[in-house]
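The values are calculated or read from the model by the stated rules, or taken from the named source; none is laboratory data. Just so it is clear, the model here is predicted, and its values are computed rather than measured. Cβ sites come from the backbone with ideal geometry, for glycine too, and all protein chains shown count toward neighbours.
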Amino acid sequence: MKRRIYVVDDQAQVADLGVRIARSINPEWEVRGFSDPLEALAAVKAKPPDLILSDQAMPQMPGSQLLDQVRVISPATIRIIMSGHVAWDKLTLLTTAHQHLAIPFDTLRLRETIKRGLAAQERILDKGLLAVTTSLGSIPSLSQAHQAALKELEENAGGTANIAPRIAMDAGLSAKVLQLANSPLFGPGYLITNPLNAVMCLGDKMTCAVVLAQSLFRHHESLAGEIDPRKIWNHCWHTAFTAQRLCRERRLSRITGEEAFLAGLLHESGRFILADNFPEQFRSACQAARATQTALAPRLREAFHDSPAQITAYVLELWGMPATIVAALAQQDAPAPETGEGFTLASALYIADGLASRQTPPDVFAPEDWNIAYLKAIDCWENIPEWEKLSLGTKPNI
């Protein structure tokens, strides 16, 4: 598929470098560089690109302002911003961009970011999500704090110790990290009261998961009406705890357990995004569920011709999250056993969500019925009563 990519930077040499990197992925793509954001904006109006990469600090117009206008003109365009500054004192979301790249950027990281962003577009074309996703006015970006945390943890052996003081600067985030570290799932048997000790207890990936979840919560906590953000996030935390515990019970790898925890934290993100962007349609789906006394998820699938889970998978693909997490979320509505794989990350997420929906429901509606055929196919149907008790033991109070 031929792609159109624009690179915008007031320093011509940087724009040229971005162009060369994008063309190295596929020489047949149409890739253009701009040193003037106003010229780039005119080009977007004439021929919307599949992806635009913009510097933030430009004298004519900040990159965030440029991308905000691109969002209005061409909602389907993948928007990536480059910036040398990361604000650690606030967990702000750069809502005009889907991803943030720190300057100076790494060539391999930029290539991967472009490829994953375009892969997300292919996902929505394959899944029939185009009508919904191109109408989205607000897709939360990956938080700058989370981007910086991942980068520091990847590049520095002492990353965890470096991040802890910065987390301590945010009272809400510190509280979440301390609460998780003292939970039965991680608790070392004594009270942890220091954010540094909490981060050391949780480890790198779990700390980053908490940062991301807290960022998303803050982005959507003002929503009201048919959606209760705090109730949904309590459900998400319960799902995350249970999913990781199930991975331990089935002796899956530690990495799979950590990915299950992150998937559990994020699995209802699509619901927030739909409620934020399409309040009337979301309200109508809720009314239909209430009138028929059925679960909300099927009514949302009817209203949007796809599900919140697919929206979540699309956004996480856009962010460049691990493919295993994206795949698990994409299967959440209709899980299918992979030949020879048995119990997987997708299984843990599906079962954990089902258990948490019955014990810590995200809404006032009935939970969806179990997919018994799937549970029998992975030889887990008989385990559900036992896992119900296990899930009660991991029920958090977030």
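Return the only residue of Leu300, Leu329, Leu318 being part of a helix (DSSP H, G or I) and modelled with pLDDT under 85. Walk me through it before giving the result.
Working: Leu300 fails: modelled with pLDDT under 85; Leu329 fails: modelled with pLDDT under 85.
Selected residue: Leu318, the only one of Leu300, Leu329, Leu318 that is part of a helix (DSSP H, G or I) and modelled with pLDDT under 85.
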Could you tell me which residue of region 190-223 is surrounded by the fewest Cβ atoms within 10 Å (Cβ to Cβ), considering only residues that are outside any helix (DSSP H, G or I) and modelled with pLDDT of 70 or more? Asn194
Quick one: count up the residues across region 324-352 that are of a type in the set (Asp, Glu) and closer than 21 Å to Ser253 by Cβ. 2
Checked region 121-134 for anything at pLDDT 75 or above and surrounded by fewer than 19 Cβ atoms within 10 Å (Cβ to Cβ); matches are Glu122
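Any idea which of Ala291, Ala336 is modelled with pLDDT under 90 and of a type in the set (A, V, I, L, M, F, W, C)?
On the way: Ala291 fails: modelled with pLDDT under 90.
The match here is Ala336.
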Under the condition of being surrounded by fewer than 22 Cβ atoms within 10 Å (Cβ to Cβ) and among the β-branched types (Val, Ile, Thr), which residue from region 97-120 is modelled with the lowest pLDDT? Ile103
Region 65-85, residues that are within 28 Å of Met1 (Cα to Cα) and in contact with a strand residue (DSSP E or B) (Cβ under 7 Å, 6 or more places away or on another chain): Leu66, Leu67, Val70, Arg71, Thr77, Ile78, Arg79, Ile80, Ile81, Met82
I'd like to check something: does region 224-247 contain any residue that is at pLDDT below 70 and closer than 30 Å to Phe282 by Cα? yes
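Could you check region 1-71 for strands (runs of 3 or more DSSP E) lying wholly inside it with 1 or more residues that are over 27 Å from the mean Cα position of the chain (by Cα)? Before the answer, list the steps.
Values: elements: 4-8, 30-34, 51-55.
Hits in region 1-71: 30-34.
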Look at Ile232 and say whether it is part of a helix (DSSP H, G or I) and β-branched (Val, Ile, Thr). yes
Within region 79-96, does at least one residue satisfy the condition of being part of a helix (DSSP H, G or I) and of a type outside the set (S, T, N, Q)? no
Could you please let me know if Ile311 is crowded, with 16+ Cβ neighbours inside 10 Å, among the aliphatic types (A, V, I, L, M) and modelled with pLDDT under 90? yes
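Find the helices (runs of 4 or more DSSP H) located wholly in region 333-393 whose residues include 1 or more that are under 26 Å from the mean Cα position of the chain (by Cα), touching a residue at least 60 places away in the same chain (Cβ under 8 Å) and within 20 Å of His238 (Cα to Cα), and list them. Break it down stepwise before answering.
Numbers: elements: 345-359, 372-377, 384-393.
Here the list reads 345-359, 384-393.
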